[in-house]
1. Looking at (1) aliphatic (A, V, I, L, M); (2) under 14 Å from A:Q242 (Cβ atoms); (3) within 14 Å of another protein chain (Cβ to nearest Cβ), find the lone condition where A:V80 falls short.
2. Being over 16 Å from B:V8 (Cβ atoms) and exposed (fewer than 15 other Cβ atoms within 10 Å of the Cβ): is that true of B:E58 here?
3. Looking at region A:78-85, can you tell me whether even one residue there is small (G, A, S), surrounded by 18 or more Cβ atoms within 10 Å (Cβ to Cβ) and in a strand (DSSP E or B)?
4. Just to verify a result, which residue in region B:72-82, among those that are among the small types (G, A, S) and more than 14 Å from A:V230 (Cα to Cα), is nearest to the other protein chains (Cβ to nearest Cβ)?
5. If I go through region B:34-63 residue by residue, how many of them are in contact (Cβ under 8 Å) with a residue 40 or more places away in the chain and within 12 Å of another protein chain (Cβ to nearest Cβ)?
6. Somewhere in region B:25-33, is a residue more than 8 Å from every other protein chain (Cβ to nearest Cβ) and in contact (Cβ under 8 Å) with a residue 40 or more places away in the chain?
7. Collect the residues in region B:6-24 that are among the β-branched types (V, I, T) and within 11 Å of chain A (Cβ to nearest Cβ), keeping them in residue-number order.
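The values are calculated or read from the model by the stated rules, or taken from the named source; none is laboratory data. Treat the numbers as computed from the prediction; the structure is a model and nothing was measured. Quick reminder, even Gly has a Cβ in these numbers, built from the backbone with ideal geometry, and neighbours come from all protein chains shown.
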Amino acid sequence: MGAQLRVYTQKIKSAQTTKKITKAMELIAASRIQKAQARVAASGPYSRAITRAVSAVATYSNVEHVLTTEPAEIKRAAVVVFTSDRGLAGAFNSQILREANDLTEELRAEGKEVIHFAYGRKAVANFTFRKQPLAGQWVGEAENPTFAAAKEIGEALLDSFLKDEADGGVDEIHLVFNRFVSMMTQTPQVLRLLPLEVVEGVEAPDKSEVLPLYEFEPDAETVLDALLPVYIESRIFNALLQSAAAKHAATQKAMKSASDNADKLITDYTRLRNNARQAEITQQISEIVGGADALASS
Amino acid sequence: MAVLSVSVVSASHEVWTGEAKQVVARTVEGQIGILAGHEPLLAILANGEVRITLENGEKIVAQADGGFLSVEHNSVSIVAGAASLVG
């Protein structure tokens, strides 16, 4: 009997310790969300300015550029998967990997060969476990992405995009990342990075308004040459920041429900322990009474 | 006279924003000065500084390496991966 009591006490202790840890992680994540969100907001003006400029060149000039023209046939596509470095974030990583898998299947069904790039330890681990080769991988700073990292990824992607088909170049690049919608919701998003579709910030000009005639210096093509890598970097940087913010939100949510569950466990085990203690006392009493009766009657 | 609304933007944050009388920058083709009413322009900046003259004559110098400059409807944006104010 006493043994059972001890077991319950142990379980309560362990749930309490777990709760302390998850509570701490929840608080840490909560404090980091603010910062990550602020970074997303702060990078807004940059990507807006770049997007405006790119759409200006695309709209007000008729340059045919390798990055904007759709190839006749797409043979190989690259999928870039953005996850976090660490787990304990609920469905954050698994939903991204699932989305990436779906996309891969879809692309393969269209007869395209698919190669993967992975950002974040979880994505790398996933592909290594499935023995799928990676064309590129970046780990170690998914929690706090830097612009330099975005630049590096952008360069690698642009490199493989500009390479010839025969040398392993790709014709299409997709990004798969978690978008921070709100504290409660993070949705996986698939974005086709290249060939470029400038969707954001293209406002249909007012009819009354005369289209501004842009002057390009030195000329439209060179400007586009210089702008597009920058645009790609800014899109990737945005994806990195979104993903980091979403990760913190997901961690906070996961840790909150872990703490709640620990609370529930503690309540349940405390009830059971009280029950066991009461049963023990009852049994002892009945043993004493029974013993006394037996002595009296003998 | 109309004023220019100028913003200097780097990848991670907005460096400076405000109204100005004149912006002088060095593009790959040479020095360019922009006053209010300039035609729409998109130019690649050479490594170098951008001088912004405020309405009260005060001058602000920004360093924008390898960025670009766009002018549209009296709003000027100077955008670079790493942009900062000097001095």
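1. The number of the failed condition is (3).
2. So B:E58 fails the test.
3. Filtering region A:78-85 down to residues small (G, A, S) leaves A:78, A:84.
Among the residues that remain, those that are also surrounded by 18 or more Cβ atoms within 10 Å (Cβ to Cβ) are: A:78, A:84.
Next cut, in a strand (DSSP E or B) only: A:78.
Yes: one or more hits.
4. Looking at residues that are among the small types (G, A, S) and more than 14 Å from A:V230 (Cα to Cα), I get B:S77.
5. Keep residues of region B:34-63 that are in contact (Cβ under 8 Å) with a residue 40 or more places away in the chain, which gives B:34, B:50, B:52, B:55, B:60, B:62.
Among the residues that remain, those that are also within 12 Å of another protein chain (Cβ to nearest Cβ) are: B:34.
So the answer is 1.
6. Yes, region B:25-33 has at least one match.
7. As a first pass, look at region B:6-24 and keep what is among the β-branched types (V, I, T): B:6, B:8-9, B:15, B:17, B:23-24.
Hits for region B:6-24 are B:V8, B:V9, B:V15, B:T17.
One line per residue, one yes/no per condition, for (1) touching an Asp or Glu at 6+ places or on another chain (Cβ under 7 Å); (2) surrounded by fewer than 13 Cβ atoms within 10 Å (Cβ to Cβ); (3) within 26 Å of A:P45 (Cα to Cα); (4) hydrophobic (A, V, I, L, M, F, W, C):
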{"site": "A:P229", "(1), (2), (3), (4)": "no, no, yes, no"}
{"site": "A:N238", "(1), (2), (3), (4)": "no, no, yes, no"}
{"site": "A:S243", "(1), (2), (3), (4)": "no, no, yes, no"}
{"site": "A:H248", "(1), (2), (3), (4)": "no, no, yes, no"}
{"site": "A:S259", "(1), (2), (3), (4)": "yes, no, no, no"}
{"site": "A:R271", "(1), (2), (3), (4)": "no, yes, no, no"}
{"site": "A:R277", "(1), (2), (3), (4)": "no, no, no, no"}
